[in-house]
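Enquirer: The structure follows.
The values are calculated or read from the model by the stated rules, or taken from the named source; none is laboratory data. Predicted, not measured: the structure shown is a model, and the values here were computed from it. Using ideal geometry, Cβ is built from the backbone for each residue, glycine included, and neighbour counts are taken over all protein chains shown. Please note that ligands, DNA and RNA were not included when accessible areas were found on the heavy atoms of the full protein model with its side chains. Shrake-Rupley method; radii C 1.70, N 1.55, O 1.52, S 1.80 Å.
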Amino acid sequence: MKIYEITIKPITGFGTPLKGDTIFGHFCWQIAYDEKLIGKSLDDLLSNYHTKPFVIFSSAYPKLRGSYALKTPDMPADDVFELPDDKRERIEKRKENKAKRWMMLSKDKRFSSFKELEFLRDKELIEWAKTNISEDVKRQMRKSEAKDYIAYLSQSHNSINRLTGRTGEEGFAPFAVEQHVFFPETELALFVGIDGSVINIEHVRTGLERIGTTGFGKDASTGLGRFKLGEAKEIDLSKMGSDSPNACYTLSPCVPESDTFAEMFFSPFTRFGRHGDVLAKSPNPFKNPVIMADEGGVFIPKTPDVFNKHYIGRAVTNISKAEPKTVMQGYSLYILVRVEV
């Protein structure tokens, strides 16, 4: 499997986070729309997905000055941060570190422990970002201070009753839609693993360009989820981690394999999936809930054989009554790390 980094440039806000499993679902719809995109049908591509995935998407991460802003690992603070010996100072430091949600990882520099890396709060990440923005944006930013690198906004919408021309009850009441907006001129890094015998990077770029044009995720029909693509280049994720690894740091939500890992550290969340396109109007558009390990998890395998593949996890099936052949990406690309537990 070859790994590529594709640059994403957001144009609008997003109603749905750019997580790997959701990006995979959107890409599969592009293949369903146009079988000429890859030259094979979606059924053919998914037939071997349990044993040999043809594509795996990471979640999207900010990229700044030759570094990636990844999620702080979901591990005990003692295993991630350098903490003082004094009990009172230790408690204060723990509180301070809780706000450091970003882990800065260099493209070309290895590390032997998380404690060697720099961790940033949103305000500190914004200061990093300000060195990359244009002079016009800097002048605009002087008028309003950004507090969050990703701002979460609530936008009011009205649904009009065409018979009365008014809003009101019975499904026509005003409602709010949440969206998240990135810091101006943000560039995101999306890591993509592909099986070169089935698909190439141009296939992936074409599919993503179409998604960026029509919109990604929730409320794409109202203008959300638009983005453009930058460069795509092959990358070796193994050169970003540890020389003597014993664990995997995941880059997207996943469903880890059974009886494979000795220790697992992650934040669980439940994916309440829903079909898109024509299946959104089926009698049952909702998928079965799937409990996943969010990106930023750390998995310590029982044997080093796990490192022979570029990914961990598994495909998830039997999640839809509307379309029994539905497959969900439970795989994740990873960075090799070393942890002492």
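Enquirer: Tabulate in residue order the Karplus-calculated ³J(HN,Hα) for the stretch 67-72, using 6.51 cos²θ - 1.76 cosθ + 1.60 with θ = phi - 60°, rounded to whole Hz; enter x for Gly and Pro.
Expert: With coefficients 6.51, -1.76 and 1.60, one gets 10, 10, 9, 9, 6, 4 Hz.
Enquirer: Given Cα pairs under 8 Å that are at least 6 residues apart, what percent is the relative contact order of the chain?
Expert: Working: 703 pairs, mean separation 93.2, N = 341.
In percent, rounded to a whole number, it is 27.
Enquirer: Okay, moving on. Please name which of Gln179, Pro76, Asn308 has its Cα lying farthest along the dipole of the chain towards the positive end, using unit charges on Cβ (Lys, Arg +1; Asp, Glu -1) and the Cα centre as origin.
Expert: Gln179
Enquirer: Could I ask something else about it? Per residue, how much accessible area does the chain show when a 1.4 Å probe rolls over the protein heavy atoms, in square angstrom?
Expert: Working: 17740 Å² over 341 residues.
That works out to 52 Å² per residue.
Enquirer: Something else: Please report, to two decimal places, log10 I(q)/I(0) for the stretch 1-50 at q = 0.30, 0.32 Å⁻¹ as given by the Debye formula with identical point scatterers on the Cα atoms and no solvent.
Expert: With no solvent term, the Cα-only Debye profile gives -1.19, -1.20.
Enquirer: Size of the stretch 58-157 along its principal axes in angstrom, Cα-based, largest extent first?
Expert: Rounded to whole Å, the extents work out to 46, 34, 28 Å.
Enquirer: Which value in nm describes the separation of the simple spin-label points at Arg210 and Asp34, placed 7 Å from the Cα toward the beta carbon?
Expert: Between Arg210 and Asp34, the simple spin-label model gives 0.5 nm.
Enquirer: Classify the chain: rounded, prolate or oblate, from the alpha-carbon gyration tensor (a ≥ b ≥ c, eigenvalue square roots; a/c under 1.5 rounded; otherwise prolate if a/b is larger than b/c)?
Expert: Values: a/c = 1.58, a/b = 1.16, b/c = 1.37.
Oblate, since a/c reaches 1.5 and b/c is not below a/b.
Enquirer: In whole Hz, what ³J(HN,Hα) sequence does the stretch 35-51 give by Karplus (6.51, -1.76, 1.60; θ = phi - 60°), x for Gly and Pro?
Expert: Result, rounded to whole Hz: 5, 6, 4, 10, x, 9, 6, 5, 4, 5, 5, 8, 4, 10, 5, 5, 10.
Enquirer: I would also like to ask the following. Per the 1.4 Å probe, what fraction of the accessible area of the chain, in percent, lies on carbon and sulfur atoms? Don't skip to the answer; put the middle values down first.
Expert: Values: 8490 of 17740 Å².
For the chain, the apolar C and S fraction of the accessible surface comes to 48 percent.
Enquirer: Okay, next question. Starting from the Cα-Cα distance between Glu340 and Phe286, subtract it from 0.36 nm times their residue separation and give me the gain in nm to one decimal. Intermediate values should be presented prior to the final figure.
Expert: Working: separation 54, 0.36 × 54 = 19.44 nm, distance 4.13 nm.
The Glu340-Phe286 span can extend by a further 15.3 nm.
Enquirer: Only residues of the stretch 106-120 count here: report those whose backbone N is under 11 Å from the spot 7 Å along Cα→Cβ of Ser238, or say none.
Expert: Once the point is set 7 Å along Cα→Cβ of Ser238, nothing inside the stretch 106-120 turns out to lie under 11 Å by backbone N.
Enquirer: Right, something else. With a ≥ b ≥ c taken as the square roots of the eigenvalues of the C-alpha gyration tensor of the stretch 299-341, please select rounded if a/c is under 1.5 and otherwise prolate if a/b is larger than b/c or oblate if it is not?
Expert: Numbers: a/c = 3.46, a/b = 3.09, b/c = 1.12.
The shape class here is prolate.
Enquirer: Treat each spin label as a single point 7 Å out from the Cα along the C-beta direction, and report the Glu135 to Ala262 distance in nm.
Expert: Inter-label distance under the simple model: 5.8 nm.
Enquirer: Determine how large the accessible area of Met264 is when every protein chain is in place; take a 1.4 Å probe and give Å² rounded to the nearest 10.
Expert: Here the accessible area works out near 90 Å².
Enquirer: On average over all directions, what projected area in square nanometres does the stretch 209-329 have, based on the convex hull of its Cα atoms?
Expert: Averaged projected area of the stretch 209-329's Cα convex hull equals 9.8 nm².
Enquirer: Separate question: Amide H to amide H, which residues 5 or more places from Lys228 or on other chains are under 5 Å from it, using H placed in the peptide plane?
Expert: Those qualifying (amide H under 5 Å, at least 5 residues apart or on another chain) are Lys9, Ile11.
Enquirer: Taking the stretch 256-314, which chymotrypsin sites (Phe, Trp or Tyr not before Pro) meet the DSSP loop condition and have no more than 10 other C-beta atoms within 10 Å? Don't skip to the answer; put the middle values down first.
Expert: Working: sites: Phe261, Phe265, Phe266, Phe269, Phe272, Phe286, Phe299, Phe307, Tyr311; in loops: Phe266, Phe272.
Hits after loop and neighbour filter: Phe272.
Enquirer: Next question. Not counting the cut sites, what is the longest span of the chain without GluC sites (Glu not before Pro) that DSSP labels loop and that have at most 12 other Cβ atoms within 10 Å? Walk me through the numbers on the way to the answer.
Expert: Details: sites that count: Glu82, Glu145, Glu169, Glu170, Glu340.
It works out to 171-339.
Enquirer: Using the Karplus curve 6.51 cos²θ - 1.76 cosθ + 1.60 with θ = phi - 60°, work out ³J(HN,Hα) for each residue of the stretch 58-65 in order, rounded to whole Hz, and write x for Gly and Pro.
Expert: Each residue's phi maps through the Karplus curve to give 7, 6, 9, 10, x, 10, 9, 6 Hz.
Enquirer: How high is the relative contact order of the stretch 1-139, given as a whole-number percent (alpha carbon pairs under 8 Å, six or more residues apart)?
Expert: On the way: 113 pairs, mean separation 25.5, N = 139.
The normalised contact order for the stretch 1-139 reaches 18 percent.
Enquirer: Would you please name the trypsin sites (Lys or Arg not before Pro) within the stretch 40-101 that are DSSP coil residues with at most 11 other C-beta atoms within 10 Å of their C-beta? The partial results should precede the final answer.
Expert: Values: sites: Lys40, Lys63, Arg65, Lys71, Lys87, Arg88, Arg90, Lys93, Arg94, Lys95, Lys98, Lys100, Arg101; in loops: Lys40, Arg65, Lys100, Arg101.
Passing sites in the stretch 40-101 are Arg65.
Enquirer: Given the -39500 (n - 2.57) contribution per DSSP H run of 4+ residues, what per-residue ellipticity at 222 nm results for the chain, rounded to the nearest 500 deg cm²/dmol? Mind showing how you got there, number by number?
Expert: Details: 7 runs with 67 residues, N = 341.
Helix contribution divided over all residues of the chain: -5500 deg cm²/dmol.
Enquirer: How high is the relative contact order of the stretch 200-341? Use alpha-carbon pairs under 8 Å, at least six apart in sequence, and give a whole percent.
Expert: 29 percent
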